[in-house]
Amino acid sequence: MSDLILGQVLYFTADPFDNGVDAARHIRRGGVLVEGGHIMAVGEADDLRAAHPTARITDYGQDLISAGFVDAHAHYPQTAIIASWGKRLIDWLNSYTFPEEMRFSNKAYAQQVAKRYFDLTISNGTTSVCSYCTIHPESVDAFFQAAATRNQRVWAGKTCMDRNAPDGLRDTAQSAFDDSARLLATWHGTGRAGYVITPRFSPTSTEDQLAAMGALWSANPDCLMQTHLSEQTDEIAWVKSLFPTARDYLDTYERHGLLGKGALYGHAIWLEDREKARIKEVDAALIHCPTSNTFIGSGLFDMAGLKASGHRIGLATDTGGGSSFSMLRTMASAYEVAQLRGRALHPAELWWLATQGSARALRADHLIGNIAPGMEADLTIVNLSSTPAIAQATARAESLWQALFPTIMMGDDRAIRDVWVAGQRVI
Ligand code: GUN
Ligand code: ZN
């Protein structure tokens, strides 16, 4: 049985940062044909109806059919502490994050939060996510099990920390290696899951642990590796004092085999020239987390400069340092951060970042993050008039981009009319 999903359709044939709006395709009365969890065709609604007369029709009228959003950096265990007041990074970790992460030694709690996290993200139109877990293997199982029941393409890993974290929230170099290796063997490539080797950041890992993570990655080079890099200036000063012989923050990873294709560096706000050049050389990804960067007071990511120099960049909520589960709100924040640096990101660029850009960062842009024959059928249906404030602005629109931008800037879960995961409706 095939499904023919009708509405306005938006997809990309290239990167709008390189090719402008010509990189986007908009079909005003379009359709997406889905079968067996994959996209079979995209085109004009009338043509697809005529060619596939037996397909089951779901007609969304004027609503926009987009690839599902892809959140390239999140901490699902921080779901319950989102929007905690008044701290900067290191105090925020110690005051809110670590006490909450401690609770994930309890498997039932981990399962409860994982379910809540997927409920929240799906209702915000996010179909794929790359998450940190906690040091507890139970937290990794809970995440992947919750994703598997929904058949979502996800990535995650056990967060490894063997210093500068409280009792009960530290592993060792050896146990981090052993637990990660076992979880990797269980989950990597199981259904739509991918394992991500996850040292939290160099302040919470000894050199031995970083080396163990590097060894695990070199034995499993098709896995991604995620960590944090140059988020706040205080953090960078701390890294310098912990690693006095390192050339810079990136070098604390590089010297232990934690720089390469498939690396994902969250935040990357205060990079030095050598760091930028090396990351570009190996084609690792930088993950921009704008709501987090403004909420925790970290700084303004250089989207325009880093894209112009050819860096691979994804977009992310960084839940719960980030203040929203919504990739619409995250696009708005990316727009505001870029404005403060003197560049107005186009709606096509923002939408591309939240779909193809993140998928590309996760090296999965051949699978998710776009609408094209052969890709997995993860789709988000967006109502472009979801609130009175948005509707009155959109009513004046003379182009798709004018119609879309009020939803980018003011939209939330009310704009998400429906979500399809692997060809099945899930809302
Ligand atoms: N750096 C190390 N851990 C974290 C975290 O959980 N959130 C953020 N925003 N930065 C980090
Ligand atoms: Zn993070």
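Could you list, in sequence order, all residues of the stretch 274-329 that are outside any helix (DSSP H, G or I) and of a type in the set (Val, Ile, Thr)?
Restricting attention to the stretch 274-329, the residues satisfying the condition of being outside any helix (DSSP H, G or I) are 283-289, 296-302, 309-326.
Of everything in the stretch 274-329, those that are outside any helix (DSSP H, G or I) and of a type in the set (Val, Ile, Thr) turn out to be Ile287, Ile296, Ile313, Thr317, Thr319.
Those residues that are farther than 15 Å from Leu264 by Cβ and free of Cβ contacts under 8 Å to residues at least 40 places away in the same chain, I need them from the stretch 281-291; list them, please. Working first, answer last.
First pass over the stretch 281-291, keeping only residues farther than 15 Å from Leu264 by Cβ: 281, 290-291.
The answer is Glu281, and nothing else.
Identify all residues within the stretch 188-210 that are touching a Leu at 6+ places or on another chain (Cβ under 9 Å) and open to solvent by 40 Å² or more (accessible area, probe 1.4 Å); write none if there are none.
Listed by number, the list is empty, since nothing qualifies.
Look through the stretch 300-347, keep the residues that are among the hydroxyl-bearing types (Ser, Thr, Tyr) and within 16 Å of ligand 2 (Cβ to nearest atom), and return whichever of them is most open to solvent (accessible area, probe 1.4 Å). Don't jump to the end; show me each part of the working.
Pass one, the stretch 300-347, residues among the hydroxyl-bearing types (Ser, Thr, Tyr): 309, 317, 319, 323-324, 326, 330, 333, 335.
After this cut, where a residue has to be within 16 Å of ligand 2 (Cβ to nearest atom) as well, the list is 317, 319, 323-324, 330, 333.
Values: Thr317: 0, Thr319: 1, Ser323: 51, Ser324: 17, Thr330: 0, Ser333: 2 Å².
Step by step, filter the stretch 300-347, then rank; the result is Ser323.
When residues of the stretch 81-104 are filtered for being part of a helix (DSSP H, G or I) and open to solvent by 70 Å² or more (accessible area, probe 1.4 Å), how many remain?
Residues of the stretch 81-104 part of a helix (DSSP H, G or I): 81, 89-104.
Narrowing further to those that are open to solvent by 70 Å² or more (accessible area, probe 1.4 Å): 91, 94, 103.
Total satisfying the criteria: 3.
Of all residues in the stretch 185-215, count the ones that are part of a loop (DSSP other than H, G, I, E, B), over 21 Å from Leu89 (Cβ atoms) and not charged (D, E, K, R).
Just the residues of the stretch 185-215 that are part of a loop (DSSP other than H, G, I, E, B), to begin with: 188-192, 200-201, 205-206.
Next, only the ones that are over 21 Å from Leu89 (Cβ atoms) stay: 188-192.
From what's left, not charged (D, E, K, R): 188-191.
Number satisfying all stated conditions: 4.
Taking the stretch 261-273 on its own, how many of its residues are in a loop (DSSP other than H, G, I, E, B) and either hydrophobic (A, V, I, L, M, F, W, C) or open to solvent by 10 Å² or more (accessible area, probe 1.4 Å) (or both)? Quick ask: steps written out before the conclusion?
The initial filter retains those residues of the stretch 261-273 that are in a loop (DSSP other than H, G, I, E, B), namely 261-262, 268-272.
Going one step further and asking which of them are either hydrophobic (A, V, I, L, M, F, W, C) or open to solvent by 10 Å² or more (accessible area, probe 1.4 Å) (or both), we end up with 261, 268-272.
The total comes to 6.
Is it the case that some residue within the stretch 105-121 is in contact (Cβ under 8 Å) with a residue 12 or more places away in the chain, among the hydroxyl-bearing types (Ser, Thr, Tyr), closer than 30 Å to Gln8 by Cα and in a helix (DSSP H, G or I)?
yes
Out of (1) part of a helix (DSSP H, G or I); (2) open to solvent by 10 Å² or more (accessible area, probe 1.4 Å); (3) aliphatic (A, V, I, L, M), the odd one out for Leu250 is which?
It fails just one condition, (2).
How many of the residues making up the stretch 37-53 are under 25 Å from the mean Cα position of the chain (by Cα) and either farther than 21 Å from Val421 by Cα or of a type in the set (Gly, Ala, Ser) (or both)?
So the count comes out to 1.
Go through the stretch 145-187 residue by residue and tally those that are open to solvent by 20 Å² or more (accessible area, probe 1.4 Å) and over 30 Å from Gln424 (Cβ atoms).
Number satisfying all stated conditions: 16.
Quick one: how many residues across the stretch 221-248 are within 15 Å of ligand 2 (Cβ to nearest atom) and in contact with a helix residue (DSSP H, G or I) (Cβ under 7 Å, 6 or more places away or on another chain)? Write out each step before concluding.
First, the residues of the stretch 221-248 that are within 15 Å of ligand 2 (Cβ to nearest atom): 224-232, 235.
Among the residues that remain, those that are also in contact with a helix residue (DSSP H, G or I) (Cβ under 7 Å, 6 or more places away or on another chain) are: 225, 227, 229-232, 235.
Looking only at that region, the number is 7.
Within the set of pairs 6 or more residues apart or between chains, which connect a residue that is free of Cβ contacts under 8 Å to residues at least 12 places away in the same chain inside the stretch 227-253 to a residue that is open to solvent by less than 30 Å² (accessible area, probe 1.4 Å) and away from ligand 2 (no atom under 16 Å from the Cβ) with Cβ atoms less than 7 Å apart?
Correct list of pairs: Ala246/Thr252.
The values are calculated or read from the model by the stated rules, or taken from the named source; none is laboratory data. None of the values given here were measured: they were computed from a predicted structure. In this analysis, Cβ positions are derived from the backbone assuming ideal geometry, glycine residues included, and neighbour counts consider all displayed protein chains. Side chains are part of the model used for accessible areas, which takes the heavy atoms of the whole protein and leaves out ligands, DNA and RNA. Shrake-Rupley method; radii C 1.70, N 1.55, O 1.52, S 1.80 Å.
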